[in-house]
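Working notes, beginning with the structure itself.
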Amino acid sequence: MSTYLLVHGAWHSGQCWVRVVQALASAGHRISTPTLTGYGDRRHLLGPQVGLDTHVEDIVTLLLEEDLTEVILVGHSYAGLVISAVANQVPDRIAHLVYLDAMVPEDGETAVDVLPVTQALIDLALQSDSGWRVPPLPELPPPAGLFGVNDPTDIAWLHTMLSDQPVRCLQQPVRLDNPAVHAIPRTHIHCTARTPQSPDRRPVPTTQPNGTPAQIWELPTGHDCMITMPLELTELLLKLS
């Protein structure tokens, strides 16, 4: 039995993983899908003080309180920053890092460094009435849809779990100053159904930080692959168990 800890991206909640959870659980594995502070059923905790450090603390606390070890830590989108920083703090508890269509930072980088288009979201938030709220990206006509989701029923369901993101999440840097973090193997899963609105993805280096060849898998779907291709995503994740 393996332990999978699945971390959702910006605006989403842990509920987005439900279809993947069902498939992984049927294979006998342990799965945790926490909702980060300020999202979903924790949206009442949303405030300008919530940042990347808050979300890193959410996951580190979960790992320690539940004494989770040999964890396959999966981060979707923005959560690529989160899982990187978590691994830096508790590398002894992480067996594998999975970047699921995710931001992959270097030491000291913010979301803007990894994905420059993020600066536009920060500017809009700072200029808004709140001064810190980043609303979810809007639904667009197919094939872009809502985070790559185009089925009307799925879009309606996705809308129920979306909430604003605090701008501080995009401004705080990731620290990767623990040499032990570089020994953790990585897998990158890319969603390849891109649209003209899709930002450019930073190329994955051919060699991982631990010296082994990069492992890159692809899914022919939009960004929210846990909703559009949950079984195919599960099949890939099971290869790591």
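The values are calculated or read from the model by the stated rules, or taken from the named source; none is laboratory data. In this text, all values refer to a predicted model and were calculated from it rather than measured experimentally. Cβ: placed from backbone, ideal geometry, glycine included. Neighbour counts: every protein chain shown. These area figures cover heavy atoms from the full protein model, side chains too; ligands, DNA and RNA do not enter into them. Shrake-Rupley method; radii C 1.70, N 1.55, O 1.52, S 1.80 Å.
Observations, loosely collected:
- With respect to the conditions (1) open to solvent by less than 80 Å² (accessible area, probe 1.4 Å); (2) among the acidic types (Asp, Glu); (3) free of Cβ contacts under 8 Å to residues at least 60 places away in the same chain, Glu218 falls short on a single one, namely (1).
- In the set Leu81, Leu126, only one residue is under 20 Å from Val7 (Cα atoms) and hydrophobic (A, V, I, L, M, F, W, C); that residue is Leu81.
- Close pairs (9 angstrom Cβ cut-off, 6 or more residues apart or separate chains): touching a residue at least 24 places away in the same chain (Cβ under 8 Å) and within 20 Å of Asp67 (Cβ to Cβ) in region 21-38, assigned to a loop (DSSP other than H, G, I, E, B) and of a type in the set (D, E, K, R) anywhere: Ser32/Glu66
Residues checked against (1) hydrophobic (A, V, I, L, M, F, W, C); (2) within 15 Å of the chain's Cα centre (by Cα); (3) crowded, with 17+ Cβ neighbours inside 10 Å:
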site	(1), (2), (3)
Pro166	no, no, yes
Val174	yes, yes, yes
Ala180	yes, no, no
Pro185	no, no, no
Cys191	yes, yes, yes
Pro199	no, no, no
Ala214	yes, no, no
Asp224	no, yes, yes
Leu236	yes, no, yes
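- Some residue of region 112-127 being over 16 Å from the mean Cα position of the chain (by Cα), among the acidic types (Asp, Glu) and under 24 Å from Arg42 (Cα atoms): no
- Listed by position, the helices (runs of 4 or more DSSP H) contained in region 147-241 that have at least 1 residues being of a type in the set (Asp, Glu) are 152-161, 230-238.
- Selection within region 3-15 - surrounded by fewer than 20 Cβ atoms within 10 Å (Cβ to Cβ) and under 14 Å from Leu63 (Cα atoms): Thr3
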